[in-house]
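These notes concern the structure reproduced below.
The values are calculated or read from the model by the stated rules, or taken from the named source; none is laboratory data. All figures in this text were calculated on a predicted structure; none of them were measured in a lab. Glycine gets a Cβ as well: all are built from the backbone with ideal geometry, and neighbour counts include every protein chain shown.
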Amino acid sequence: MRPVLLACAVALGLLACTLVVPQDGLAHGLVGKQDLPIPRWLFAWGAAVVLVVSFVALAILWPKPRLERESPDGVPLLRLPAVAEPLAGLVGVVLFATVVYAGLAGTQTETANLAPTAIYVLFWVGVPFLSLLFGDIFRALNPWRAVARAVAWVAGRGGGEGLPDPMPYPARAGHWPAAAVILVFTWVELVHGGGSDPSTLALLALGYAALQLVGMSLYGIEPWTRHADGFAVYFSLFASLSPLHWKGTQLRRRRPLVGATRLVALPGTVALLVVMIGTTSFDGFSEGDTWSDLAPDLQRFFVDLGLGQGAALEVAFTFGMLAVVLLVAGLYRLGIQGMRSIGGGVDAAQLGRRFAHTLVPIALAYVVAHYFSLLVYNGQSVGYLASDPLGDGSNLFGTATATIDYDVVGPNGIWYVQVGALVLGHVAGLVLAHERALVLYRRARDATRSQYWMLAVMVGFTSLGLWLLSAQAP
Amino acid sequence: MITLPIAHAGHWLVSLLYLAPVVILVGALLVARARDNRLGDEDEDLDDGVFAEGAFDDDLGPPPRA
């Protein structure tokens with residue numbers, strides 16, 4: 001039998017097997033809540049078709065760069081009074097202090113204490129959504145930056161010579177510190193056994209703030225914040241996709257995605273984006289059946305090496321997380337290597353940095369897809385946690401008895417948002433890659449050819465995302 | 001009790017279906033590349049001129065604007 005026919009026969013066989021196996025049976029007896037009109041895997045096929053059609057449409061209908069040539073400044077919408085920025089900083093400091101105090105002084109039951117929800121839901125998931133809608137609002141709310149600016153302002157007014165000049169931020173460090181911050185934070189969230197303990201989170205938050213203050217005092221507030229404050233960089237990347245952006249206290253409007261084309265890819269920028277996508281992917285992967293099958297074997301392996309049960313599980317999860325991050329890095333590298341096959345002799349690292357910004361919408365798509373339900377459901381718990389942040393029975397705002405409404409969005413609605421986010425994010429990635437190729441390559445034909453492999457990478461990321469989501473779906 | 005790998009076959013089969021679009025696309029790209037190689041790349045002599053002038057002058061920044 002010819003190889004092509006054999007491959008078709010195998011594919012048809014797989015298809016037939018899957019169609020006769022009931023979906024609920026695959027989910028280890030979980031009661032299905034989603035009622036989708038077609039199997040979930042067919043959404044992955046549909047998404048792939050959308051991406052291929054988008055790619056062809058870009059090649060035919062988008063022959064010249066538009067976003068890359070547009071001014072990133074946009075047009076002014078409104079200007080807030082100068083006092084708005086220090087006020088926002090004050091709000092950030094108060095919120096930070098409240099969360100830390102709740103973590104240290106409140107109950108250590110994670111669902112009854114404000115700190116875990118505030119950090120993992122409102123801060124980690126909520127701020128990216130807000131950044132996409134309203135631009136880089138965290139820059140104004142950033143509590144450690146606000147404290148540093150206040151100290152610098154006071155020192156400047158105090159007479160004398162003020163604070164000593166900061167050292168230049170080391171160019172080689174680039175975004176590596178930010179990548180390390182995001183990796184460590186997600187490790188605490190997904191791997192560390194006590195990652196949801198309110199007091200642990202509060203102490204880590206204090207430690208992080210202290211580290212930022214030291215860094216800003218050494219290298220300057222803005223250079224440090226733009227490069228090494230992992231959360232500030234993380235949120236600013238998402239904000240670069242927004243149609244709104246802030247220039248001081250002036251709010252300006254520009255075309256969505258334009259900000260991302262101005263991303264300066266430093267050493268560590270690609271690593272940061274890969275960590276962002278990889279850790280979110282692992283969050284989904286670790287809740288699926290494949291990891292459930294694999295993790296006990298890995299844990300047993302490390303127990304046999306002499307570790308305790310808990311430590312062995314943490315090491316197994318650490319390996320799993322790093323493996324998924326490396327997988328994502330490998331996928332991106334594959335796209336870049338494919339681009340190199342067009343010729344030109346540019347090394348992969350250089351080309352990889354030029355296309356780093358195309359990963360930003362993908363990272364956001366993964367965040368939206370994986371955490372939308374968390375934000376919609378668990379985000380509501382801020383209603384009662386705000387009134388009782390310590391979990392001691394207080395009712396500060398009269399909302400301590402509020403509950404979570406699980407009917408606000410149904411399971412089908414969640415699924416459609418997830419699929420929509422993944423498809424839109426990857427189409428946005430394709431647009432950015434196409435634009436960048438048009439700028440870099442001399443001829444439009446080469447620009448399009450160079451993106452064949454990037455299209456394969458985007459389809460790969462989309463399929464991976466949908467596979468991870470389907471493994472978690474009820 | 002021994003658990004046969006076939007017990008999880010359902011998961012793997014569905015997982016393969018998610019992989020199928022990527023496999024099809026990569027297969028198509030490989031076939032296209034093989035065909036190009038067989039026919040010979042007419043633009044091979046332009047290898048050094050693939051990129052626009054100054055495209056990588058400032059490696060760490062966005063490419064220069066026109």
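For this structure, a couple of remarks:
- Positions within region A:157-209 being of a type outside the set (Ser, Thr, Tyr), closer than 30 Å to A:THR111 by Cβ and in a loop (DSSP other than H, G, I, E, B), in sequence order: A:VAL191, A:HIS192, A:GLY193, A:GLY194, A:GLY195, A:ASP197
- Of the residues in region A:250-264, at least one is out of contact with any Ser or Thr (no Cβ under 7 Å at 6 or more places or on another chain) and over 22 Å from A:GLU68 (Cβ atoms).
- Unmet requirement for A:SER292, which otherwise passes all of (1) among the hydroxyl-bearing types (Ser, Thr, Tyr); (2) away from chain B (no Cβ under 12 Å); (3) free of Cβ contacts under 8 Å to residues at least 40 places away in the same chain: (2)
- Screening A:SER286 on (1) under 30 Å from A:TRP415 (Cβ atoms); (2) touching a residue at least 40 places away in the same chain (Cβ under 8 Å); (3) of a type in the set (S, T, N, Q); (4) within 13 Å of chain B (Cβ to nearest Cβ) shows it passes everything except condition (4).
- Against the test of being farther than 24 Å from A:LEU133 by Cα, at pLDDT 90 or above and acidic (Asp, Glu), the options A:ASP407, A:ASP388 yield a single qualifying residue, A:ASP388.
- One residue alone among A:LEU206, A:LEU272, A:LEU201 is closer than 30 Å to A:ASP392 by Cβ, of a type outside the set (Lys, Arg), crowded, with 22+ Cβ neighbours inside 10 Å and at pLDDT 95 or above, and that residue is A:LEU201.
- Identity of the residue in region A:372-396, of a type in the set (A, V, I, L, M) and outside any helix (DSSP H, G or I), that ends up surrounded by the fewest Cβ atoms within 10 Å (Cβ to Cβ): A:LEU396
- Restricting A:GLY74, A:GLY106 to residues that are away from chain B (no Cβ under 14 Å), over 27 Å from the mean Cα position of the chain (by Cα), in contact (Cβ under 8 Å) with a residue 24 or more places away in the chain and buried (at least 16 other Cβ atoms within 10 Å of the Cβ) narrows the list to A:GLY106.
- Considered as a group, the residues in region A:397-429 that are assigned to a loop (DSSP other than H, G, I, E, B) and among the aromatic types (Phe, Trp, Tyr) include one that is nearest to A:ALA386 (Cα to Cα), and that residue is A:PHE397.
- Remark: pairs (first residue in region A:138-149, farther than 12 Å from A:LEU95 by Cβ; second residue outside any helix (DSSP H, G or I); Cβ separation under 9 Å; 6+ apart in sequence or on different chains) = A:ARG139/A:TRP246; A:ALA140/A:TRP246; A:ALA140/A:THR249; A:TRP144/A:ASP229; A:ARG145/A:ASP229.
- A:LEU326 passes every criterion in (1) out of contact with any Pro (no Cβ under 9 Å at 6 or more places or on another chain); (2) within 14 Å of chain B (Cβ to nearest Cβ) apart from (2).
Residue-wise test of (1) modelled with pLDDT under 90; (2) under 19 Å from A:SER470 (Cα atoms).
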residue	(1), (2)
A:VAL31	yes, yes
A:LEU36	yes, yes
A:GLY46	no, yes
A:VAL53	no, no
A:LEU58	no, no
A:LEU61	no, no
A:PRO72	yes, no
A:LEU77	no, no
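- When A:HIS245 is tested against (1) part of a strand (DSSP E or B); (2) surrounded by fewer than 20 Cβ atoms within 10 Å (Cβ to Cβ); (3) at pLDDT below 95, exactly one condition is not met: (2).
- Only one of B:ALA32, B:ALA7 that is modelled with pLDDT of 75 or more and either within 7 Å of another protein chain (Cβ to nearest Cβ) or in a helix (DSSP H, G or I) (or both): B:ALA32
- Residue match in region A:337-356 (condition: crowded, with 16+ Cβ neighbours inside 10 Å and more than 13 Å from chain B (Cβ to nearest Cβ)): no
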